[in-house]
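Read the structure below first, then the notes.
Please treat every number below as a calculation from the coordinates, not as lab data. Source: prediction; values computed, not measured. All Cβ positions, glycine included, derive from the backbone under ideal geometry; neighbour counts span all protein chains shown.
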C-alpha cells in the first residue's frame, strides 16, 4: 500500500513537470499517443479473457534548430603550364623490293592401267551313276544217298552123321546147301562245293563339281594429285618512311579564380 502511494506521488510530480515545460518552453512539444494496456488474466476456469483499455500518455521529441552558416571568398591564383608544340615532320621515298611468296598449285592426273582379276565359281550337279556287278561264290552242298547191294551165298547145311561137300549140291541128296541172300547198305557221299553266281547294283551316284574360271583383264583408272606448288620471287613498291618526331614547346603562365569556402555549422542546444 505504501509503495503504491509513492508511485502515485512520483507520477503526479512528473505530470506537473511536463505541464510546466509545455507552457513555458517553445522547444518541447507534447504529442498524444494511445498505448494499449493489456489487463488480460486467467480465471479459475483456466479460460483466457482478453480485456483492457486505451490510455493517453505524453512523449518528448527533440526539435533540432542547428544550422549551417555559408560564407567564403574568391581567390585569384596564377600558375605555369607547359604548352607542347611537338610534331611529326613527314618525309620518305618509294623503293622497289623483292619478296618470296608460296604458290599453292597442282592438277589432277588420270592414270589408265590394266589389272588381272582372278575370279570364278564352282558349279555342282548331281550325277546318277552305277553298274551291275556279277560275282561268284562257293557253296558247300551236303548231299549223298544210300547204295543197296544184293548178294548171296550158299550156306552148307550139315546134317547129323552125314555131310556133303560139293560145289553145287542138289536138293534131295543126303546133304544140301541153302542159298542165303545178303543186302549191303552203304552211304554214297556226294557232298561238294558248288560255284554260284550273283549280281548286285553298285551305286556310284555323286555330286560333281566343276570350276568355271571367269578370270579376266580389266581396264581401270585412278586419279592422283600432281603438286606443283613452289616459291615465287615477286617485286613490290614500298614506301620508306623517314619522318621524324620533333619535341618542342614552351611554358605559359595562366591565372584563375577559385572559391575558398569558410562555411561553418552552428549547433544550438536548449
Item to check | Residues listed by number, region 203-218, amide nitrogen under 20 Å from residue 121 label point at 7 Å toward C-beta | outcome: 207-218
Item to check | Isotropically averaged projected area of region 214-270, using the convex hull of Cα atoms (one quarter of hull area), nm² | outcome: 25.0
